[in-house]
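Novice: First the structure, then my questions, so here it is.
The values are calculated or read from the model by the stated rules, or taken from the named source; none is laboratory data. What you are looking at is a predicted structure, and each value in this text was computed from that prediction instead of being measured. Positions of Cβ are backbone-derived with ideal geometry, glycine not excepted, and every protein chain shown enters the neighbour counts. Protein only, heavy atoms only, side chains kept; ligands, DNA and RNA dropped before computing areas. Shrake-Rupley method; radii C 1.70, N 1.55, O 1.52, S 1.80 Å.
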Amino acid sequence: METLFKDIRYGFRLLLKKPGFSVVAALTLALGIGANTAIFSAVNAVLLRPLPYREPSRLVEIWETNPLKGWKDAPVAPANFYDWEQQNDVFEGMANYSPGPGNFALTGKDESERLRGMRTSGNLFSVLGVEAALGRTFLPEETWKGKNEVVILSHGLWKRRFGEDPSIIGQMISLDGKNYTVVGVMPDRFYFPTKDVDLWVPWGFDPTKIANLRRPHFMRVVARLKSGKTPAQAQTEMNTIAGRLEQEYPGTNTQMGAGLGLLHDWTVTDTRLPLLILLAAVGFILLISCANIANLLLARAATRMREMAIRTALGAGRRRIVRQLLTESLVMSAGGGALGLLLAVWGKELLLAFSPGNIPRFDEISVDATVFGFTLGITFLTTLIFGLVPALASSKVDLTTSLKEGGQKGGGDSRHNRARNLFVVLEVAFALMLLIGAGLMIKSFVRLQRVDPGFDPDNILTLAISLPGSKYKEDPQLISFYQQALERIKSLPTVGDAAVTLALPSQGAAWTSDFSIEGRAPEDYGKEVRHNVVSSDYFRTMKVPLAGGRLFTDYDDKDHPMVVVINEALARGFFSNEDPIGKRLKFSKPEVEDDWITIVGVVKNEKLEGLAAEVKPEVYQSFLQTANNSANFVVRTTTDPRALTTAVRTEISAIDKDIPIFNVKTMKEVLYESIARERFTVLLLTIFAGVALILSAIGIYGVMSYAVTERTHEIGIRMALGANTSDVLKLVVRQGIKLALAGVGLGIAGAFALTRLIANLLFGVGATDPLTFTVISLLLTSVALLACWLPARRAAKVDPMVALRYE
């Protein structure tokens, strides 16, 4: 230890002796370590940290599959869930909940407020293994109708709306005009399934009817494995149960399977690959940083050859010298690591500021003990990466040659030169791989932004409402409210048109179902279609072009035959050789006694499920025939849509003051948010690729500058013998560009292999897009050429007389 402390003190003295070298090295390392620590803090929070429930490794998510319908992870039908629950022997408990938070209007003495709530089974919290902070959680029997008028509040809602009043337990609150008894408040920081949930209420199913509900599929299922049971065993048993149900209920369960996975994996499934790609990107930056530092150390090692020779002559073995040099590198790494940790804290705040807001658990990012341990580990790792090769090279000393040199400025040797050249090739290769990955993502994102959404998003204000079922029980009441609201909104100045839609474009269909076409074979049943419900002015308001037939009119109400408008995808897919206008379909099997619905129009495809999603067959129904308690208003204006928000809110409140409006956004904001994750990933990759480009250029410049210094005497002799400026420029540039081209070649080979990993994240561009590979390779080669040309120009200006006297 005494020797180690001496080595550390000596390392500090060397760093202080060369402050310029030390600052450059520390900043370069800090950049690499800081970027890695910041991204790892996100990976730790989202992918590695366990979910905040009891024994989370035993919690699994279960879903339904059906290759016939193209389902890979569909919600579950209630009857199927209760059969699973009764027939399995691998789960300690199974619970269910709604696929997404619903809207509840909280009314009372204060201003009405829209809240986000989940419908759940009564045993959800016991399956999760979480107790209430105040009061109790649900009882299993509260799942059922007549016992379900209870509610559990989130800690945030309790604090914000009820002032953390403990007497709230047992009190009544009004949700959608219906009274619920508050039975519990959950702990601070608890959430399920997402953090935007304000409250939980039981389903309220009728126990006498639940066994027949094998359609629709609208439940998400979470289960706790019995101790000692594995997900693989559970999957095997669920396959057996699903096969049994298929035989018992062929009408609804044909090819209906069950899939499962750990709840943690389910929660982060869409974010795992982007985060790992970002972690790999900053890993490349760290490697490039280490290559630059290694080259700096190799350059410094050439000036310390006499020192190493003296140490060897005085009895120091090679291992002792390597230890001394690695200790010096560790001191340098420690400084870079400490600065990198500070950069990571700052970078974490930037990540949170630029995050799209819909990444699960992203707001849990923190620089905790795990992240600190990662920083410590990566600091030691960088020491080995950039310190070991220079240390080994410097420890192998030719005593005779080194001791004969008269000064400290040795010219280095071929071993040092080969190592420096290798590091340059590697950092160019790493930079190229990162740049190509970023280039593909940028090109993909640009193409995504240029996708035609199927409507005109300019000057459209959107807002949502949810009418309480206790007050608006009948369709005429719902229709009357929407019609009054539309009339009032259309009368406002600057409003061009207004309409109602159940689902906004890019946010998904209202629901899906199978359908039959009149006159087709029974086996054709089962084709899935997306539904939306709109008012007659919707297509005009959104400027969705009519491709055939007619649009809805006020005539299309409940007193007249049911009609639908379909999109071109449905028309091409099922009526490719005939005119669909006048054809009839229904959303059930042909033999079921449901009314046939007439197709009256075909409209251009709308991107209902996102810009990147393939357009699926869609049907639009008239809201006069299929009213719903929840809806979105779309208002086209002649000025800034945001300026109309207050006026629209006032008009709706004039009809019913207890109806809160929410999700007030322009249509452009809706589209912007739909690709927010892609934008976030592309932004970070672009920044990291830019840093890699700069670091690699600095690395090439540094090596070529050292090479020029090392060959000053040779250049002087060449110029004295008649070499002109262009000859010297070619000499230096040729040496550097060979290294750069070798790195580009290696990088292209690596990129061909690695970019396939991001193929699923790309839109409209292949993972080996030739244009991207070519442009990025030329860009990096041009930057390398510039980095070589600057030292070459300095070499060409050398005075031959000065160079000949150069030592």
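Novice: Rounded to the nearest 20 debye, what is the charge dipole size of the stretch 135-287 about its Cα centre when +1 sits on each Lys and Arg Cβ and -1 on each Asp and Glu Cβ?
Specialist: 120 debye
Novice: Identify the chymotrypsin sites (Phe, Trp or Tyr not before Pro) of the stretch 560-660 meeting these criteria: DSSP loop state and at most 16 other C-beta atoms within 10 Å of the C-beta.
Specialist: Numbers: sites: PHE574, PHE575, PHE587, TRP596, TYR620, PHE623, PHE633; in loops: PHE575, PHE587, TRP596, PHE623.
Listed in order of number, the matching sites are PHE575, TRP596.
Novice: Treat each spin label as a single point 7 Å out from the Cα along the C-beta direction, and report the SER227 to GLU487 distance in nm.
Specialist: Each label point lies 7 Å from its Cα, and together they span 6.7 nm.
Novice: Another question about this same structure. Give me P(r) over the stretch 120-197, computed from all C-alpha to C-alpha distances, binned every 5 Å, as integer percentages.
Specialist: Result, from short to long distances: 3, 15, 26, 27, 20, 7, 0 percent.
Novice: Measuring from label point to label point, each 7 Å out along Cα→Cβ, what is the TRP346 to GLU92 span in nm?
Specialist: Calculated label separation equals 4.7 nm.
Novice: What angle do you read, to the nearest 10 degrees and between 0 and 90, between the alpha-carbon axis of helix 231-248 and the longest principal axis of the chain?
Specialist: Approximately 30 degrees, to the nearest ten.
Novice: Could you check the spin-label model distance between GLU578 and MET172? Points 7 Å from the Cα along Cα→Cβ, value in nm.
Specialist: 5.8 nm
Novice: Now, a different point. How big is the stretch 413-555 along each principal axis, measuring the range of its Cα positions in Å and listing the largest first?
Specialist: Over the stretch 413-555, Cα extents along the principal axes are 91, 53, 37 Å.
Novice: Hey, which aspartates and glutamates would be in cross-link range of LYS18, C-alpha to C-alpha under 19 Å, not counting anything within fewer than 8 residues on its own chain?
Specialist: ASP7, GLU307, GLU328
Novice: Of all DSSP beta bridges located in the chain, what percent are antiparallel, nearest 5?
Specialist: Values: 67 of 86 bridges.
Antiparallel bridges: around 80 percent, rounded to the nearest 5.
Novice: Now a separate question. Rounded to the nearest whole Å², what accessible area per residue is found for the chain with the 1.4 Å probe?
Specialist: 44 Å²
Novice: Net charge within 13 Å of ALA291 by Cβ-Cβ distance, Lys/Arg positive one each and Asp/Glu negative one each, not counting ALA291 itself?
Specialist: 0
Novice: Taking only Cα atoms, what is the 0 to 90° angle, nearest 10, from helix 770-796's long axis to the longest principal axis of the chain?
Specialist: 30 degrees
Novice: Can you compute the FRET efficiency between GLU669 and GLU113 using 1/(1 + (r/R0)^6), with r the Cβ-Cβ distance and R0 = 25 Å? Round to the nearest 0.05. It would help to have the intermediate numbers written out before the result.
Specialist: Numbers: r = 22 Å, r/R0 = 0.87.
Once rounded, the FRET efficiency stands at 0.70.
Novice: What whole number of Å gives the distance from the Cα centroid of the stretch 318-394 to the Cα centroid of the stretch 93-169?
Specialist: The distance from the Cα centre of the stretch 93-169 to that of the stretch 318-394 comes to 44 Å.
Novice: Rank these by accessible area, largest first, 1.4 Å probe: GLU142, GLU246, GLU55.
Specialist: GLU55, GLU246, GLU142
Novice: Please work out how much accessible surface ASP196 shows to a 1.4 Å probe, ignoring ligands, DNA and RNA, in Å² rounded to 10.
Specialist: Accessible surface of ASP196 is approximately 70 Å².
Novice: Rank these residues by their accessible area, most exposed first, probe 1.4 Å: LEU14, LEU778.
Specialist: I get LEU778, LEU14, largest accessible area first.
Novice: With every protein chain in place, what's the accessible area of TYR701 (1.4 Å probe, Å², nearest 10)?
Specialist: For TYR701, solvent-accessible area is about 100 Å².
Novice: While we're here: Using helices alone, what [θ] at 222 nm do you get for the chain, with -39,500 (n - 2.57) per DSSP H run of 4 or more residues, divided over all residues and rounded to the nearest 500?
Specialist: Calculated at 222 nm, the ellipticity per residue is -16000 deg cm²/dmol.
Novice: Another question, if that's okay. Report, ordered by chain and residue number, the lysines lying within cross-link reach of LYS229, taken as a straight Cα distance under 29 Å and ignoring same-chain residues fewer than 8 apart.
Specialist: Candidates past the 8-residue exclusion: LYS72.
Novice: With respect to the cross-link table entries LYS159/LYS607; LYS443/LYS543; LYS159/LYS657; LYS473/LYS668, which display a Cα-Cα separation exceeding 30 Å?
Specialist: Cα-Cα > 30 Å for LYS159/LYS607; LYS473/LYS668; rest within.
Novice: P(r) for the chain: what percent of alpha-carbon pairs falls in each 10 Å bin, starting at zero?
Specialist: For the chain, the pair-distance distribution reads 2, 11, 16, 19, 17, 12, 9, 7, 4, 1, 0.
Novice: What residue among VAL451, THR553, PHE284 has its Cα farthest toward the positive end of the dipole of the chain, where the charges are +1 on Lys, Arg and -1 on Asp, Glu, each on the Cβ?
Specialist: Going by the charge dipole, the pick is PHE284.
Novice: Just how far, in whole angstrom, is the stretch 723-780 from the stretch 612-684 if you go by their alpha carbon centroids?
Specialist: When both Cα centres are located, 45 Å separates them.
Novice: Go ahead and run the numbers for FRET between LEU757 and PHE354, Cβ-Cβ distance against an R0 of 25 Å, rounding to 0.05. Present the calculation step by step, with values, prior to reporting the outcome.
Specialist: Values: r = 24 Å, r/R0 = 0.94.
The calculated FRET efficiency here is 0.60.
Novice: Related question: With a 10 Å radius around each residue's Cβ, average the other Cβ atoms per peptide and rank 610-617, 683-690, highest first.
Specialist: 683-690, 610-617
Novice: Place +1 on the Cβ of every Lys and Arg and -1 on the Cβ of every Asp and Glu in the chain, take the dipole about the Cα centre, and give the residue among THR712, GLY129, SER57 whose Cα lies farthest towards its positive end.
Specialist: Checked the options; the winner is THR712.
Novice: Based on Cβ point charges of +1 for Lys and Arg and -1 for Asp and Glu, what charge dipole magnitude is obtained for the stretch 479-615 about its Cα centre, in debye rounded to the nearest 20?
Specialist: Dipole about the Cα centre, nearest 20: 500 debye.
Novice: Now for a separate question. What does the extension gain come out to for LEU546 and LYS730, with contour length at 0.36 nm per residue minus their alpha carbon separation?
Specialist: Full-extension gain reported as 59.7 nm.
Novice: Principal axis lengths of the stretch 244-303 from Cα atoms, whole Å, largest first?
Specialist: 84, 16, 14
Novice: How large is the direction-averaged shadow of the alpha-carbon convex hull of the stretch 552-660, in nm²?
Specialist: Over every viewing direction, the Cα hull of the stretch 552-660 projects on average to 10.4 nm².
Novice: Starting from the Cα of LYS730, draw a straight line to each of the lysines and keep only those under 28 Å, dropping any in the same chain fewer than 8 residues away.
Specialist: LYS409, LYS738, LYS797
Novice: Of the peptides 288-294, 589-595, how do they stack up when ordered by the mean number of other Cβ atoms within 10 Å, highest first?
Specialist: 288-294, 589-595
Novice: Between 0 and 90 degrees, rounded to the nearest ten: what's the tilt of helix 475-490 against the longest Cα principal axis of the chain?
Specialist: Its long axis makes an angle of about 60 degrees.
Novice: Still on this structure: For the chain, with all protein chains present and a 1.4 Å probe, just round the carbon and sulfur fraction of the accessible area to a whole percent.
Specialist: 58 percent
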